[in-house]
Amino acid sequence: MIQLIRGFKDILPPESALWQHIERTAIGVFENFGFREIRLPILEQTALFARSIGEDTDIVEKEMYTFPDRKGDLVTLRPEATAGVVRSYIQHKLHAEDPVRKFYTIGPMFRRERPQKGRYRQFYQINAEVFGIASPLMDAQLIYMLMKLFQKLRVKDIAAHINSLGCPACRPEFKSALRVFLSDKTGSLCSDCQKRWMNNPLRVLDCKVPACREALTGAPMLSGHLCPDCRSHFNAVKTWLDELKIGYLVDDRLVRGLDYYTRTTFEIQTGALGAQSAVAGGGRYDGLVKALGGPDIPAVGFAIGFDRLAAILEQEETGHSRRTDVYLAALGEDCRDLAFGWVCTLAGMGILVEMDFESRSLKSQMKRADRSGAAYVLILGENEMKQGLAVLRNLATRIQEEIPLDRLVDTLEQKIKKKQSTD
RNA sequence: GUGGGUGUAGCUCAGUUGGCAGAGCACCUGGUUGUGGCCCAGGUGGCCGUGGGUUCAAGUCCCAUCACUCACCCCA
């Protein structure tokens, strides 16, 4: 038997109904905030990710699906969405008409990590990206939008964590301060952190190895080294979150593994996913558009872990599948043929209708109707046919009535539409 | 990449010191000439993850391998 690839996943009904619900809710919320959908390819040139995410990150170093295509060009299955959105923004000169653009996009990402709870090699993200707005108001609004979405989806047990990573004016100074602080402690750091000490000492900050945490006691903190502009930007974000009544935690160690972030970073964390705490994460990346060859335009965005969000909500309940409106139970071939025509007509009118194609017993068809959650069963047998009638049974109340065949479609439509509006 | 746990029916899982492959749920049929849920009876369904080894005999013991899963790392 051929099985799906390790770390990949099928999304089957009824889970797919929950996915549609999440997707529709997110689209509704984002559109209200002025975001428009952008759809991008899954495959990009490898250089795009190497340059945006950073050569020294785990993602680029060991997690990407990279291979030469048939011509020999190096291509990569996208490990995240932002790089592609930025590429598209620059390539189509979207800044020319109006640098302010707000996009969302939904789709699969690929990272070759060891799979575990809440982590797959193909996973899905809902991304939102804003270009051309440097104001901290936008940082706060993005977090607000995120929390609003989670609130609409009734996600419980979540907390917003925020931090500021500074900018090219203040971060290098902090980096060297941190490097100096750690210089006589490098021996006690884990092997990863010894490399980070040279390449990117910020990453030592969110290492979870106890020895590294201990080495950090009394270490300089980013918050103490922000330049005046970054400081006031971060303060404004916090003030506006307060105004918007969004609770948050300032987390000095929230560094994140992508190199392009500047200033505000944030993560929405949950306790419901085992070791995976982040359901969404994002931040500002003011230098990325320019770094990828575009004009100097600020940007900020986030990504929601779709799989993780779905996993949290699945624990609640999945009543998002549509129930059958009416099940046509036909007895004998003549009746079945008649029913078949009506089923096609009714489905075309927007009624969820089912029938049995195997000419089973009435009892069996009733059972199937019941299992499908049908509101009504329409029974069509020889006796009724002779009289030009069909029997309509309400499965909940067990009340039956006779309906003339020549007014069948109208009557059913009327009854079902009425029932739908009272539900 | 590293470590732990688990692989037996569609699903959840029993399976004794090695001795005929099991239960519940689900599914199908009947009990009711043409009426669902509850109940009762019967039935379908298995390369016991895969390959090798030990043995008269392996679901059970040994080795290998694969998959799933949880955790480390990192992230969504």
Seminar exercise, completed: Bounding extents of segment A:326-415 in its principal axis frame from Cα atoms, largest first in Å, are 29, 27, 26
Exercise. Quick one: if the Förster radius is 45 Å, what FRET efficiency do A:D10 and A:M221 give, using the C-beta to C-beta distance and rounding to 0.05?
Worked result: 0.50
Exercise. Between A:I27 and A:S188, what is the label-to-label distance in nm when each label sits 7 Å out along the Cα-to-Cβ direction?
Worked result: 5.5 nm
For this session: Would you work out the relative contact order for chain A, in percent, from Cα pairs under 8 angstrom that are 6 or more residues apart?
Result: 15 percent
Problem set entry | Candidate lysines - alpha carbon under 20 Å from A:K195, same-chain residues fewer than 8 apart omitted | A:K62, A:K175, A:K185, A:K208
Exercise. Tell me which lysines have Cα within less than 18 Å of A:K102's Cα, excluding those fewer than 8 residues away on the same chain?
Worked result: A:K93, A:K148, A:K290
Exercise. What does a probe at A:D296 reach in segment A:84-103, counting residues whose amide N is under 19 Å from the point 7 Å along Cα→Cβ?
Worked result: A:90, A:95-96, A:99-100
Exercise. Quick one: putting +1 on the C-beta of Lys and Arg, -1 on the C-beta of Asp and Glu, what dipole do you get for chain A around its Cα centre, in Debye to the nearest 20?
Worked result: 800 debye
For this session: Mind giving me the FRET efficiency for A:C344 and A:T397? R0 is 45 Å, r the Cβ-Cβ distance, nearest 0.05 is fine.
Result: 0.95
Seminar exercise, completed: For A:Y124, the residues 5 or more places away or on another chain with a placed amide H closer than 5 Å to its own amide H are A:M109, A:F306, A:D307
Exercise. If the label point is 7 Å along Cα→Cβ of A:K152, which residues in segment A:94-131 have backbone nitrogen under 19 Å from it?
Worked result: A:102-107, A:125-130
Exercise. So, counting K/R as plus one and D/E as minus one, what does the shell of residues with Cβ under 11 Å around A:E15 add up to?
Worked result: -2
For this session: Along Cα→Cβ, 7 Å out, is where each label goes; now give me the distance between the ones at A:K363 and A:E55 in nm to one decimal.
Result: 7.6 nm
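Relative to the present Cα-Cα distance, how much length would full extension add between A:R323 and A:H92 at 0.36 nm per residue of separation? It would help to have the intermediate numbers written out before the result.
Working: separation 231, 0.36 × 231 = 83.16 nm, distance 4.43 nm.
Length gained, A:R323 through A:H92: 78.7 nm.
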Exercise. Taking θ as phi - 60°, what are the ³J(HN,Hα) couplings along segment A:348-358 by the Karplus curve (6.51, -1.76, 1.60), each to the nearest whole Hz, with x for Gly and Pro?
Worked result: x, 8, x, 9, 7, 10, 10, 8, 9, 9, 10
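With a 1.4 Å probe and every protein chain left in place, work out the accessible area per residue of chain A in Å², rounded to a whole number.
Numbers: 21320 Å² over 423 residues.
It amounts to 50 Å² per residue over chain A.
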Exercise. Of A:R171, A:R371, A:R114, which has the largest mean-square fluctuation in a 10 Å C-alpha GNM of chain A?
Worked result: A:R371
For this session: Run the accessible area of segment A:149-251 with a 1.4 Å probe and give the carbon-and-sulfur part as a rounded percent.
Result: 53 percent
Seminar exercise, completed: Between the residues A:L405, A:S372, A:G350, the Cα farthest towards the positive end of the dipole of segment A:326-415, that dipole coming from +1 and -1 charges on the beta-carbon of Lys, Arg, Asp and Glu, is from A:S372
Problem set entry | Estimated vicinal HN-Hα couplings, Hz - segment A:44-52 in sequence order (Karplus 6.51, -1.76, 1.60; Gly, Pro = x) | 9, 5, 4, 4, 4, 6, 4, 7, 8
For this session: For A:K71 and A:R39, calculate 0.36 nm times their separation in residues minus their Cα-Cα distance, and state this gained length in nm to one decimal.
Result: 9.0 nm
Problem set entry | Nearest 10 degrees, 0 to 90: helix A:82-91 Cα axis against chain A principal axis | 90 degrees
Seminar exercise, completed: In cubic angstrom per residue, the convex hull of chain A built on its Cα atoms measures 205 Å³
For this session: For chain A, set up a Gaussian network in which alpha carbons nearer than 10 Å are linked by springs, and say which option among A:N235, A:N127, A:N394 fluctuates the most.
Result: A:N394
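Tell me the carbon and sulfur percent of the accessible area for segment A:1-103, rounded to whole percent, probe radius 1.4 Å.
52 percent
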Exercise. Under a 5 Å amide H to amide H cut-off, with H placed in plane at 1.01 Å, what residues pair with A:A280 once short-range neighbours are removed?
Worked result: A:I268, A:G305
Seminar exercise, completed: For segment A:326-415, averaging the sequence separation of alpha carbon pairs under 8 Å that lie six or more residues apart and dividing by its residue count, the contact order in percent is 29 percent
Problem set entry | Within chain A, helix-based [θ] at 222 nm, where runs of 4 or more DSSP H residues each add -39,500 (n - 2.57), nearest 500 | -11500 deg cm²/dmol
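The values are calculated or read from the model by the stated rules, or taken from the named source; none is laboratory data. Because the structure is predicted, anything quoted here is derived from the model rather than measured. Virtual Cβ from ideal backbone geometry, glycine too; neighbours counted across all protein chains shown. The area values use the complete protein model at the heavy-atom level, side chains included, leaving out ligands, DNA and RNA. Shrake-Rupley method; radii C 1.70, N 1.55, O 1.52, S 1.80 Å.
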